[in-house]
Each structure stands twice: as C-alpha cells, then as structure tokens.
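Engineer: This is the structure, below, for whatever I ask next.
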Amino acid sequence: MDSAPKTFKLRHILPNARSFNTKDIAFNRLTTVASECLPGDLYAALITANGDGHDEVEIAFKNGAVGILAERLLPIQHPLVLVDDTRTAVSVINQAIHNTPSSALKTIAVTGTSGINAASHLLCHVLTECGMAAAQIGSDQPNCERQFTDNLTGPLDELAKSNLDVAIVQLPANLLATRLYDHLQFDNLVITCIETEAEDFEGTPLAFENSFQRAFERLKPEHPAVLNLADPITRFEFLPENRPFLSIGPNDEADIFAQHIEHGRSGQTFRVHAGEHTREIFSPIHGHQHIYQCLQAIAIGLLQNLPFNSLCKAIESYEVAPGQLERIEAGQPFDVFIDHADTAKDLSKAIRSLRQVTEGRLIVVYGPSATNDAASRAAMGGVAEKFADVSVITENNPEYEHPLTIAHDVLDGYSRSADAYVIPGRERAIVWALTAARIEDTVLIAGKGRNNTHLLGSESLYFDDAEIASICLQELANPRPKYGRDVFRIEEYRD
C-alpha cells in the first residue's frame, strides 16, 4: 500500500513571501505547467520564451492546484503567494522538499561549454579507483518552456541517503542560467573551458557570462575551484579575485601542469607536475582536451587528500571517455572514432587531435543540428575542408528543417564545395565512410558522441553512432552473400 504523500507548508519555506486569499498553502508537489497540474500541486508561474505562466493559473486550478506562486498580483480569488522571482523561489522550495541534499553530501560541480560529460566520467572513475564512494548525476537539462523536471536536487537527495562520499554534478551553462538551482551548494567546482560564443546557449552573451559567475556563487565559502589556464577565456576573463582556486594548464604557470611527450595511434604519453610530485602517464585516449581533464581530476583528488601516485594510476586505468574521441574497434585495419563535436570549435579539436596520429586519410562524417545558425554551420564546413582529407556532410537532429538546407549552409564554409560529399541519411553516411576507408585511414563520426537520440520533426528517434559503426564493421569483417549463397543461376534470379 502506498504511503500518503508528504505535505509541505509554503509559509515555512518562504516566510517573507506575501500571501493573498490565504494565510498559507499546504501542497504535495511543485509543478510549473498548468496543464500537468495534479490535485494537491503548488503551481509556480514561470515567464519563458514561449509564454507567461501567469496567464494559465485558471487551467492550473481546474486541474487541482491548491495555490499559485507568482511574481505579480493576479485578479483571482484563489490562494496566491507573491515573490520577487518565481525561479529562485522554485529553487528554495525544491531544496526544502529534498532536505537540502548538497549540505548533507560532499558535492563537486562540473561546468563549462564542452567536455562536461567526459570530465565527470573521468573524475568519478578516478575517485572510485582511489577508494572513495562516488557517483555522478548527468546533465539532462530541464526545458523551462515546459515542465520543470528536477534532474539534480531529487537525485542528490537519494545519493545523500546512500552513504556516498561524494556526488559529481554536471551543470552546463543553460542549466545554471535557469536559476532553478540557485540554492544548491558545492564543495568544489570544476570549469572545463569557457567559449565566448556558445552555439547551444539560448540567451544573451551577458546571461551566458553570468551563468558561470553564478557557479562561483554556489561554491561554499573558502572552498576552491579548479580552473583550466589552457582556456584563454578562463585565464583572462574568469579568474576570481576573491575566491580560492587551483589552476591546471600546459606549463608551469599553472599549479598542476603537463608536458606532452608522445602521441601515437595507441594513445598518448605525458608527464604531470604537481608541486613536488611528478609522474609520467600513458593514456589510450587521444586529444589535449583529455590531458587537461586528467589534470583537473588530479587536482580534485589532491583536494580530497588522495595520494598523487594513486591518482595517476587511476587515470592510466581509464580506457574510454564516453563520446569524446571514443574508439570503435572490431578488428578493422583502420581507426574509427565517435565524438560529440557539433560545433566548429569542438570539431576542430577532434579533427586536429586525430590528424596528428593518422598516417593515411582522415575521413570525417559530421553535420550541425537545427539549433546551429547558418554562420556556425558554415564555420563547421570551413574546419572540415581545412583539416579533413574526405568530408561527408550528413544530418544530425534536423528537427523540422530539411537536411539539405542545413547541408547547403555548411557548404557555404567551403572554398571548393565540390570537395565535400553530401549524404543526408546519417546511417548511409556512416556506412559509406566505413566502406571507403583503407588501411591506416582514420574515420571520425562527429556530432552525437554517446547521445543516442535523433530529433526528426516532433519525434525523438533512437540512433546510436557507435552501434551503427560496430554493426557495419562486423559486416565488413564477415561479409554475407547478398542472395544467401555465393553462386546462383541467373535463370533463378530472373524467375
């Protein structure tokens, strides 16, 4: 038998809020979409790009809402509580509902404009290998145009109850900018890198910058952040003046730095320096970006008082960075990688990393999504033409836009558009690239990484680059006769 839902008193959570038509509101659940209200819900009216939630309060009450949380006085007779900002109020309420989990559990936040998922996975692996009970919470972002979905506070509450040592929380700029998590607190903060032009950020440049400043505000007093001095934006524009931080980078200007020794098809070797400690590390994962993520994991580990050598050994045991130059291996005589890169800057990082270890041709399958504007699509085309030997433009979450329209924008970035292949069907493009690859070639499949969704119209379809590539490689290694047998009579075929 299900237990009765817990009841919360809004006056206890927001004592300074102004109440109308009621002394208090007792509610069971918080919701931000009027049409999805259930009996006993408190409806919070959010102003979004798609509309004003204050205009839908009657719908909320019709569906069973017991009260309204609003930013302005409304001409209604229903229970109403007025606050200055419903988003920050939602953050306060959500913390209260879940017993302020970030206070009960050591929490490390990872933010930036790229590499958040890979950095979080690596950090979780390193801390776990060094004996800490660690878990991570992914960056599934709440879409504030629809229902506010609690992807962080609720899961943090569950982790706090499971006696973990540390939780690693992924917080991209879009999530920070919502202000819906403004009352989380972090013990440490990792900023992977910051781009001045975040193609997937919905908002003004000022809001983009403020989202990272908000991350510093969530950091507990006197607790350090880990910053990447290899990123020029972080180095020159985001170093905090009144916050302690530990820096990582490519030279001794940083507190922890690495010297790149050697890279080849099997991986890369680099030497890490951390104060009096130094050690040479081999990693099978390619790219300078991965080295900086290793340094950030070491920095966080040192802040947890873990031994330096144990941290380095843990990094050497890490074999796959999900979706970040992830190798797909099926015994083929050429290399295949998948990567999340769906912007010009990320595509450039991935291609240039593989360019250094490719003896044959570099074949790149890529495509921007419908959210990329025409200029950013052309920029991706310019990168592919400059650094790839063979470039294949394909679809990647086209939504309601025709894939050939997106491809046309990409071709605007080419000096010689005839040098590019356009294969709209993503599966066909991947298969074509793999069948065209020769010994010592490298195939890069970019745009999704480990994201296995494909947005087409209003549908969200399943599509996994790694799975498609693996199936194709297996069929190339073990070809089956097209008609079921190697020899057949032409007369039988005609019949």
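Engineer: Would you check if SER415 is surrounded by fewer than 24 Cβ atoms within 10 Å (Cβ to Cβ), part of a loop (DSSP other than H, G, I, E, B), more than 23 Å from the chain's Cα centre (by Cα) and among the polar types (S, T, N, Q)?
Structural biologist: When the stated conditions are applied, SER415 passes them.
Engineer: Quick one: what pairs do we get from the range 174-191, first residue farther than 13 Å from ASN94 by Cβ and charged (D, E, K, R), second in a loop (DSSP other than H, G, I, E, B) and open to solvent by 20 Å² or more (accessible area, probe 1.4 Å), C-beta under 7 Å, 6+ apart or different chains?
Structural biologist: ASP187/LYS220; ASP187/HIS223
Engineer: Do you know which residues across the range 43-99 are of a type in the set (Val, Ile, Thr), over 19 Å from ASN16 (Cα atoms) and outside any strand (DSSP E or B)? Before the answer, list the steps.
Structural biologist: So the first thing to find is which residues in the range 43-99 are of a type in the set (Val, Ile, Thr), and the list is 47-48, 57, 59, 66, 68, 76, 81, 83, 86, 88, 90, 92-93, 97.
If we keep only those that are over 19 Å from ASN16 (Cα atoms) as well, we get 47-48, 57, 59, 66, 76.
Answer for the range 43-99, where residues must be of a type in the set (Val, Ile, Thr), over 19 Å from ASN16 (Cα atoms) and outside any strand (DSSP E or B): VAL57, ILE59, VAL66, ILE76.
Engineer: Would you confirm whether any residue within the range 245-265 is surrounded by fewer than 12 Cβ atoms within 10 Å (Cβ to Cβ) and among the aromatic types (Phe, Trp, Tyr)?
Structural biologist: Taking every residue of the range 245-265 in turn, none turns out to be surrounded by fewer than 12 Cβ atoms within 10 Å (Cβ to Cβ) and among the aromatic types (Phe, Trp, Tyr).
Engineer: Among the listed residues ARG11, ARG29, ARG18, identify the single one that is within 13 Å of ILE93 (Cα to Cα) and modelled with pLDDT of 90 or more.
Structural biologist: ARG11
Engineer: Do we have ALA429 as farther than 20 Å from ALA341 by Cβ and touching a residue at least 40 places away in the same chain (Cβ under 8 Å) here? Spell out how you get there, then give the answer.
Structural biologist: Numbers: farther than 20 Å from ALA341 by Cβ: no; touching a residue at least 40 places away in the same chain (Cβ under 8 Å): yes.
So ALA429 does not fit the description; no.
Engineer: Next up: Looking at LEU311, LEU302, which one is modelled with pLDDT of 95 or more and open to solvent by 10 Å² or more (accessible area, probe 1.4 Å)?
Structural biologist: Only one candidate qualifies: LEU302.
Engineer: Mind listing whichever residues of the range 326-369 are closer than 29 Å to GLU401 by Cα and open to solvent by 30 Å² or more (accessible area, probe 1.4 Å)?
Structural biologist: HIS340, ASP342, LYS345, LYS349 - these are the residues of the range 326-369 that are closer than 29 Å to GLU401 by Cα and open to solvent by 30 Å² or more (accessible area, probe 1.4 Å).
Engineer: State whether one or more residues within the range 48-55 are under 20 Å from ARG214 (Cα atoms) and at pLDDT below 90.
Structural biologist: yes
Engineer: I've got another one for you. Is it fair to say SER317 is among the small types (Gly, Ala, Ser), in contact (Cβ under 8 Å) with a residue 12 or more places away in the chain, under 29 Å from THR278 (Cβ atoms) and open to solvent by 30 Å² or more (accessible area, probe 1.4 Å)?
Structural biologist: Yes, satisfied.
Engineer: Would you check which residues across the range 418-428 are open to solvent by less than 70 Å² (accessible area, probe 1.4 Å) and either closer than 26 Å to ALA321 by Cα or not aliphatic (A, V, I, L, M) (or both) and list them?
Structural biologist: Just the residues of the range 418-428 that are open to solvent by less than 70 Å² (accessible area, probe 1.4 Å), to begin with: 420, 422-426.
Residues satisfying the conditions are PRO424, GLY425, ARG426.
Table: residues versus (1) touching a helix residue (DSSP H, G or I) at 6+ places or on another chain (Cβ under 8 Å); (2) open to solvent by 80 Å² or more (accessible area, probe 1.4 Å); (3) under 25 Å from ALA118 (Cα atoms); (4) assigned to a loop (DSSP other than H, G, I, E, B).
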site: HIS408; (1), (2), (3), (4): no, yes, no, no
site: ILE430; (1), (2), (3), (4): yes, no, yes, no
site: ALA433; (1), (2), (3), (4): no, no, no, no
site: ARG438; (1), (2), (3), (4): no, yes, no, yes
site: VAL443; (1), (2), (3), (4): yes, no, yes, no
site: HIS454; (1), (2), (3), (4): yes, no, yes, no
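Engineer: If you scan the range 48-76, which residues turn out to be surrounded by 17 or more Cβ atoms within 10 Å (Cβ to Cβ), under 30 Å from the mean Cα position of the chain (by Cα) and of a type in the set (A, V, I, L, M, F, W, C)?
Structural biologist: none
Engineer: Run LEU42 past the list (1) of a type in the set (A, V, I, L, M, F, W, C); (2) surrounded by 22 or more Cβ atoms within 10 Å (Cβ to Cβ); (3) more than 29 Å from ARG214 (Cβ to Cβ) and report the number of the one that doesn't hold.
Structural biologist: (3)
The values are calculated or read from the model by the stated rules, or taken from the named source; none is laboratory data. Fair warning: this is a prediction, and the values are worked out from it, not measured in the lab. Because the Cβ atoms are built from the backbone with ideal geometry, glycine has one as well, and the counts that use them run over all protein chains shown. The accessibility values were calculated without ligands, DNA or RNA, using every heavy atom of the protein model including side chains. Shrake-Rupley method; radii C 1.70, N 1.55, O 1.52, S 1.80 Å.
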